[in-house]
Amino acid sequence: MTEKICNGCENMFAEMDCEDIFTPEDFTDEQRQISETTEQFVMNEVMPMLHDIETQDFDLLQKALLKGGELGLLMLDVPEEYGGLELDKATSMLVAEKVGPAGSFGVSYMAQTGIGTLPLVYYGSSEQKERYLDKLMTGEMMAAYCLTEPGSGSDALGARSTAILSEDGQHYILNGTKQFITNAGFADLFTVFAKIDAIHFTGFLIERSFAGVEIGPEEKKMGIKGSSTCQLIFNNVKVPVANLLGDVGQGHKIAFNVLNVGRFKLAALCGGILKYALSEGARYANMRKQFNVPIGSFGAIKEKLATTVAASFSCESMVYRLAGLLDRKIATIDKSRSDYYTQYQKAIEEYAAECAISKVFCSESVATVLDEVLQIHGGYGFISEYPIERMYRDERVQRIYEGTNEINRLLVAGAFLRNGFNRDLPLERAMEAASEFFVQRNSDPYEKSGLFAEEKSLLHRLKMLLLVLVKRGWKIHNNTLQDEQELLLVMADIIIQIFAIESVVMRSEKIYQGVSSAKKDDLKAVMKVCTFSANEKIIQAARRASFYLGEHEKLQDLLGGIQYFSGYHPQALLESRRYLAERALENEKYFF
């Protein structure tokens, strides 16, 4: 059977086949071995020193990164021709997941292997790769990525750093300031973005040793205290022309495409944090007694554990579904092509919306879960001797870096509209069909037929609901809809939650027949809880959109339509939540 290669956002216009997705159950023995090696390294070697790393012992942090280099964990994305492993995205995400619990180390590791190294991998010349890659993937050189400035965060192209070609044509003279740079305190190589002649946004490779590179003091942060975060000042730095990265004026391609991967990796890292939080919460709930019984026996605690299990399953399903999309697309590119990495980047850019979807969903799931797990700990969760206190502080930045979640939501909605109108995705036809469905309440093709028919029926109707709201927005605002941020945000919320439900349902359907009866019970319970939770968020977003869009005579129609389109009545929902909680308490870890 040939697996279909879906285009970006295509799932919003068509029904997906479960056989076309990648799931964690598809991991090979090699992938599982790499996962186990990473997990053992993190738990046995990094976690015991994490308290000292949190005191900003950067020598210790670098030793841990060097050890990761010895294990091959810094070379996963480096091409084989330069001595790297060049592994698929699924494996790369699996490693990112396993370093997630390691807090500041995980952040530093991601900066080194992701945004620190990938610009060179994707856009560097052969000479640049020969000069730097070997040292980066062993840890001999540490890397950092310098995009944000004091006056430009989300508006990356508003950067004020400048580069001017010297009179002899041998160097660019670079001036400017970069802000919030991870690994800055000890990095040896910086990917820096500046405007040539104050116009052409361009990337450069700058070594720490270059005269005029100044490192500011460490920022005093709320969380991830053990990672280095400094300001960088470039004062007439002479950058050899050979260190220009990519083409003049093409820095935006480097910056944004690398951030797509960064967002995706952050989603995977969040998945690892979720699973670790579940273990901490379940263990504490079993250990802590009140009224002479473990607090895990109380429904209020079970509610929180069930939320954590469901969030973990949803995030995992989404991340590896996206990994499969990327790997399948990349596999179609001929590696002998001279423009291989140009095509490679186009493949990644194809799923920019899905990368943003995963980042938003997973980072916000972590926020919800860590709040719940800290609450399970009660007053002890506020004490630094318990890991949840650090995790709670560390989490907050995940909704800010790699693009704020607001920016990512706008990206999601913008890509949906852009792809729907400008490509082969039939947005206008789909909106008309959805409107007819809305008016006629046509029979649902999934109603009462087949495995997980209720969830599939819901998915079909939710996609129709989104299209109805988009059509209404288009009718009111037409070409200016893309400027109506409040509407784009609620559209994105619906798209994100649909992707989550679909990922869970498709994964469950794909593996259901091949698992034990006990695992079937696990799947039915978690799918029910995940679907209900996501659907409730869609209802809230759709109601908000209706009040934004509905005139007096239209509002009641829209609100009534929401009730029909989002109708989902899972039986024994409470029993399913209790079941998941009890399984978590029994295993004291994520059990899928």
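Where helices (runs of 4 or more DSSP H) fall wholly inside region 357-465, the ranges with 2 or more residues that are under 25 Å from the mean Cα position of the chain (by Cα) and surrounded by 14 or more Cβ atoms within 10 Å (Cβ to Cβ) are 387-395, 405-422. Please enumerate the residues belonging to region 466-483 that are open to solvent by 10 Å² or more (accessible area, probe 1.4 Å), more than 21 Å from ALA14 (Cβ to Cβ) and touching a residue at least 24 places away in the same chain (Cβ under 8 Å). Correct list: ARG472, ILE476, GLN482. Summed over region 95-144, the residues that are more than 12 Å from LEU205 (Cα to Cα) and not aliphatic (A, V, I, L, M) give a count of 22. Across region 95-141, the qualifying residues are those that are open to solvent by 10 Å² or more (accessible area, probe 1.4 Å) and aliphatic (A, V, I, L, M), and the one among them that is nearest to VAL366 (Cα to Cα) is VAL107. Considering (1) within 30 Å of the chain's Cα centre (by Cα); (2) modelled with pLDDT of 95 or more; (3) assigned to a helix (DSSP H, G or I), the lone condition that ALA518 does not fulfil carries the number (1). Give the residue, chosen from LEU523, LEU574, LEU549, that is out of contact with any Lys or Arg (no Cβ under 9 Å at 6 or more places or on another chain) and either at pLDDT below 95 or on the phi < 0 side of the Ramachandran plot (or both). After applying the criteria, what remains is LEU574. There is at least one residue in region 260-277 that is in contact with a Phe, Trp or Tyr (Cβ under 7 Å, 6 or more places away or on another chain), buried (at least 19 other Cβ atoms within 10 Å of the Cβ) and at negative phi. Restricting attention to region 151-162, does a residue exist that is crowded, with 19+ Cβ neighbours inside 10 Å, touching a residue at least 12 places away in the same chain (Cβ under 8 Å) and out of contact with any Phe, Trp or Tyr (no Cβ under 8 Å at 6 or more places or on another chain)? For region 151-162, residues crowded, with 19+ Cβ neighbours inside 10 Å, touching a residue at least 12 places away in the same chain (Cβ under 8 Å) and out of contact with any Phe, Trp or Tyr (no Cβ under 8 Å at 6 or more places or on another chain): absent.
Among the residues of region 212-231, the one identified as aliphatic (A, V, I, L, M), over 22 Å from LEU65 (Cα atoms) and assigned to a strand (DSSP E or B) is VAL213. Say we look at region 166-179 and pick out the residues that are part of a strand (DSSP E or B) and free of Cβ contacts under 8 Å to residues at least 60 places away in the same chain; which of these is surrounded by the most Cβ atoms within 10 Å (Cβ to Cβ)? Filtering first and then ranking leaves LYS178.
The values are calculated or read from the model by the stated rules, or taken from the named source; none is laboratory data. Predicted model only: the values in this text are computed from it and were never measured. Heads up, the Cβs are rebuilt from the backbone with ideal geometry, glycines too, and the neighbour counts pull from every protein chain shown. What goes into the accessible areas is simple: the full protein's heavy atoms, side chains included, and nothing from ligands, DNA or RNA. Shrake-Rupley method; radii C 1.70, N 1.55, O 1.52, S 1.80 Å.
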